[in-house]
Amino acid sequence: MGAPRLAMIRRHPVKSIGGEGLDAVRLQPATRMPGDREWAVLTEAGERLAIASETEGQPDRWLPKSAFLRGVASADLQAIDGGWRDGLLHLAHPRAGTITLDPETEGPRLIDWLRPLWHGPAPTRLLRGAAIWTDQKWPWLSILSLDSLRDLEARTGLVAGHRRWRGNLWIEGLAPFEERDWIGRVIRLGEVELRVTDHVTRCEATSIDTTTGQRDIDMLDALRQNYGHTDFGVFAEVVTGGTIRLQDQVTA
């Protein structure tokens, strides 16, 4: 096995809605992945939290994931794919079709498109607040292993794919689940240093096939039965910033 390398860079411009690949990205110390979960769709249930923290019509702090549309609460959202192209968001769903929009000015169009795919408290508005809407309030990004994914797929007989995990950095060239040993260590990815902080504990959204928006496995049970836990991937904080690119070498 050769030296581990960065195989994919992924970000998700709207929380729980779509995702895109990048060739390179510049990371800053103690800062999340730029443009990842930059936007999120608030629900009626989340309005109380948002209004209590608003300055000039936008929340001025991080809000919990329960305030927003999420794949774990509506499987159909998991089948949305897409991201930025030519300054606009291009999103697609196997049943809802496609939509192209400017989130700065066309949030209501996105909400109308999402309504048939969402089965929880009604969506109200598209937010771009002071915080990036990741599930954790800490400035972390996620690192996942393609080798761990292949091991899981071999054990379950399911081609799970990478999209259901909504990870940021995918590494290739490790022993399966070797990344679990990185907790508390600083690793180097190209010119960037990252401190690995914690395991990524998974939710039921990972049980959903991202090509259909339908449940195809009990993923938490599969992880528990095969590995004795429900983690997949690790979190890390940027210590030394810089630009990372596909095929950069990883040193742990």
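Worth a mention:
- Residue that is farthest from Val239 (Cα to Cα), among those in the range 159-188 that are in contact (Cβ under 8 Å) with a residue 60 or more places away in the chain and β-branched (Val, Ile, Thr): Ile171
- Here Asp102 clears all of (1) assigned by TED's automatic domain parsing to the domain that holds Ile9; (2) without any contact (Cβ under 8 Å) to a residue 24 or more places away in the chain except the condition numbered (1).
- If you check Thr134, Thr156 for being hydroxyl-bearing (Ser, Thr, Tyr), closer than 30 Å to Asp60 by Cβ and in contact (Cβ under 8 Å) with a residue 12 or more places away in the chain, only one passes: Thr134.
- Selection count where residues are under 19 Å from Trp118 (Cβ atoms), of a type in the set (D, E, K, R) and surrounded by 18 or more Cβ atoms within 10 Å (Cβ to Cβ), scope the range 202-237: 1
- Of the residues in the range 12-21, at least one is in contact with a Gly (Cβ under 9 Å, 6 or more places away or on another chain) and farther than 25 Å from Arg115 by Cβ.
- Residue in the range 78-94 that is out of contact with any strand residue (DSSP E or B) (no Cβ under 8 Å at 6 or more places or on another chain), among the acidic types (Asp, Glu) and modelled with pLDDT of 95 or more present: yes
- If you go through the range 133-168 and keep only what is assigned to a loop (DSSP other than H, G, I, E, B), touching a Phe, Trp or Tyr at 6+ places or on another chain (Cβ under 8 Å) and buried (at least 21 other Cβ atoms within 10 Å of the Cβ), you end up with Trp133, Thr134, Trp140.
- Taken over the range 109-131, the criterion of being basic (Lys, Arg) and not in a loop (DSSP other than H, G, I, E, B) is satisfied by Arg109, Arg115, Arg125.
- Elements of type strands (runs of 3 or more DSSP E) contained in the range 175-252, each with 2 or more residues being within 19 Å of the chain's Cα centre (by Cα): 192-201, 231-240, 242-245
The values are calculated or read from the model by the stated rules, or taken from the named source; none is laboratory data. Everything numeric in this text was worked out from a predicted model, so none of it was measured. Using ideal geometry, Cβ is built from the backbone for each residue, glycine included, and neighbour counts are taken over all protein chains shown.
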